[in-house]
1. Answer yes or no: is there a residue in segment 27-37 that is polar (S, T, N, Q), out of contact with any Cys (no Cβ under 8 Å at 6 or more places or on another chain), at pLDDT 95 or above and outside any helix (DSSP H, G or I).
2. Q5: under 12 Å from the mean Cα position of the chain (by Cα), open to solvent by 50 Å² or more (accessible area, probe 1.4 Å) and not basic (K, R), yes or no?
Amino acid sequence: MNRFQCVADLQRRYGVKRLCSILGIARSSFYYWRRTAADRAARQAADAQLAART
């Protein structure tokens, strides 16, 4: 699990601002990570297809 996933998992309980402060990451980085999740998933799927072809 990465730090951003940890924030996502615990954000309802503790709040993004507090978690990012504790973990030493910028809130804007967390929101960027969350906004680009679909792109990362598509890239991982494409990589898996390429790996299956070889």
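1. Looking for residues that are polar (S, T, N, Q), out of contact with any Cys (no Cβ under 8 Å at 6 or more places or on another chain), at pLDDT 95 or above and outside any helix (DSSP H, G or I), one finds at least one in segment 27-37, hence yes.
2. Taking the combined requirement at face value, the residue satisfies it.
The values are calculated or read from the model by the stated rules, or taken from the named source; none is laboratory data. None of these values were measured; they are calculated from a predicted model. Because the Cβ atoms are built from the backbone with ideal geometry, glycine has one as well, and the counts that use them run over all protein chains shown. Just so you know, the surface numbers come from the protein's heavy atoms only, side chains and all, with ligands and any DNA or RNA stripped out. Shrake-Rupley method; radii C 1.70, N 1.55, O 1.52, S 1.80 Å.
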